[in-house]
1. Which of the peptides 26-37, 228-239 is most tightly packed, and how do the rest follow, going by the mean number of other Cβ atoms within 10 Å of each residue?
2. Return Glu133, Glu200, Glu90, Glu556 ranked ascending by Cβ neighbour count within 10 Å, so the fewest neighbours appear first.
3. Each residue of the stretch 312-329 in turn: what ³J(HN,Hα) in whole Hz from Karplus with 6.51, -1.76, 1.60 and θ = phi - 60°, glycine and Pro shown as x?
4. When only Cα pairs under 8 Å and 6 or more residues apart are kept, what is the percent relative contact order across the stretch 23-224?
5. In percent, how large is the relative contact order of the stretch 429-487, given Cα pairs closer than 8 Å and 6 or more residues apart?
6. Hey, can you rank 515-521, 473-479, 161-167 by average C-beta count inside 10 Å, highest first?
7. Sort Thr586, Thr554, Thr170 by Cβ crowding within 10 Å, fewest neighbours at the top.
8. Which ³J(HN,Hα) values in Hz, rounded to whole numbers, follow from the phi angles of the stretch 366-372 under the Karplus curve 6.51 cos²θ - 1.76 cosθ + 1.60, where θ = phi - 60° and Gly and Pro get x?
Amino acid sequence: MAEINNLTASYGAKDIQVLEGLEAVRRRPGMYVGGTDLKALHHLVYEVVDNSIDEALAGVCDRIDVTIHPDSSVTVRDNGRGIPVDIHPEKKKSALEVVMTVLHAGGKFGHSSYKVSGGLHGVGVSAVNALSEWCEVRVFRDGKIYFQRYERGIPVAPVKEIGKADSNNTGTETTFRFDREIFKGDIDFKFETLIQRFREMAFVTRNVKIVLEDERPPEKESTFLFEGGIISFVRYLDRNRDVLHPVFYVEKEIDNIGIEAAVQYTDAYSESVYSFANTINTIDGGTHLTGLRTAITRVINDYARRTNLLKDADPNFTGDDTREGMTAIVSIKHPDPQFESQTKVKLMNPEVQTYVQQVVGESFNQFLEENPAAARAIISKCLTSARARDAAKKARDLVIRKSALESMTLPGKLADCSERDSSKTEMYIVEGDSAGGSAKQGRDRHFQAILPLRGKILNTERARLDKILSNEEIKAMISALGTGIGDNFDLKNLRYGRVIIMTDADVDGSHIRTLLLTFFFRYMPALIEQGHVFIAQPPLYKISFKNSHRYVYTDEEKDKVLKEMGNQAEKAALQRYKGLGEMNPTQLWETTMNPENRTLLQVSVEDAAAADHTFDMLMGSAVPPRTRFIITHAHAVRNLDI
């Protein structure tokens, strides 16, 4: 007992380590911006822009300029009110310095400055400052320009006035360069990633112009301004789909919570639904998304019963039936949003579900009553979906009577491996029997399995699940993976930790790869999200000279090797591989399957809306967008990747 008392006594104030100022952020960046990877790096920019968006939500800013400079520093400039610079009553220093150097400081806590706000509860800009090699802020306010510079979060000097500004020139300009001591490795800002985020921000913040400029070669610029807000967002998502009715839209405020929703049904077989809380994309949904889906399903069922489009003997539509082909955005503005975690991927406020359900329910019911043609088209779509779902269930029950691990026979064409630990195994999905034969002979049988596919699998973008499950190649793939599909899908039963698509480096190979990725994206998205899907990179050329040879994977690499050889390049033999079948088993192992020296591309869905649109365009039924895409990119195509 005495021992316990001694232990207890030793745990006092002196044992608590206090991390002063922003040192905590530098020590544990994962707690504040989600890590030190590419995603976290872009998060820095979003944090600064979120502050400008808060000014826009307060109605005092209508333009935000973001510039990536050649040295990868980033400037964010808005025409808001400018961060206050007067002396903070408690901290006895400029409010600007407090905002930039103290966690949880800022105008977002008392609700006096901002009714609603996006940023990370005031952690945002100070966390960015802490993780920057240097950061400079200029504030345009009261006809003056104020300035302060920080190095790794520490002010170099107090805030000072450095010039005069027009009285109508107000706002904040923040420039920072991320700290390579924190963000290690060869990472940098991606223009395309930022574009996706700013497009979303502009959609959910009506009438705010966001300009993104990249000064790194080749210089690029994009401007976003959407007067239609989320109505424009829905139209943008549906631009390659056949729509069944005009966009339904509702906007209302209850208890200081602003609610906006836009819905449109299309001829697609999947749903495209996005939710936002204070302009932040809540990618895991939450109470606002649940409220929207519940309201839509309930209203459609009630209307269908009232109008006798659903007969007494028919069961009610399920959520799956009413979501097929639905494109929807729900965006809420909340004075006190509760999120599941610091990185804000799921909204948790329980009252939001009730309010969204009420607002969308009443308004959508009125929309159906006033637009009977639209109502009939939507319900007809739901009826077709319900019948197909029933057929798919029967087909699925046939395909997956029991889980693959219990008693289902593995497909005859699968050459399995001996290892049973899925964290060590990999399955190559190989195009064609000849390449499959080479792969089977060349592989390491201990941990590599081979599944050859004959020809092109079904285009799953244009087919429902019942038809997909009658396709022999897809059935073989599902049973080999072991996860099941649809309601039965369970990632825990995955038999191979790496699923590697290995196709020829030609147009047919690219098409097969796209078909496979479409299938995984639509029906097994968790495989991609959890990092299990890869694309093999077979060599394009073999360069032989005397008794040595080298494999190269791109035209640029080939030119470089030949240039290095100088005069001897003329004597070198150059073989171009048109397909995997041209390589013998040893060559295929050496170049494409040996973990020691192969190159694998991991497939990731960085942005669901962009991927959704790409698959829709490449594999959907609308021809003109696909034609435009091919014409635009034809000159650059050698090895087409999604």
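Read-outs throughout are calculated quantities, based only on the coordinates presented, and are distinct from any laboratory measurement. On a predicted model such as this, the values are computed, not experimentally measured, just so you know. All Cβ positions, glycine included, derive from the backbone under ideal geometry; neighbour counts span all protein chains shown.
1. Numbers: 26-37: 17.0, 228-239: 19.8.
With the highest mean Cβ count within 10 Å placed first, the list reads 228-239, 26-37.
2. Placing the least packed residue first, the sequence is Glu90, Glu556, Glu133, Glu200.
3. Those phi angles translate into 4, 6, 6, x, 4, 5, 8, x, 4, 5, 7, 8, 4, x, 8, 10, 8, 10 Hz.
4. The normalised contact order for the stretch 23-224 reaches 25 percent.
5. It comes to 28 percent, rounded to a whole number.
6. Values: 515-521: 23.6, 473-479: 22.0, 161-167: 11.3.
Going by the mean number of other Cβ atoms within 10 Å, highest first, we get 515-521, 473-479, 161-167.
7. Fewest-to-most ranking of Thr586, Thr554, Thr170: Thr586, Thr554, Thr170.
8. 5, 4, 5, 4, 7, 10, x
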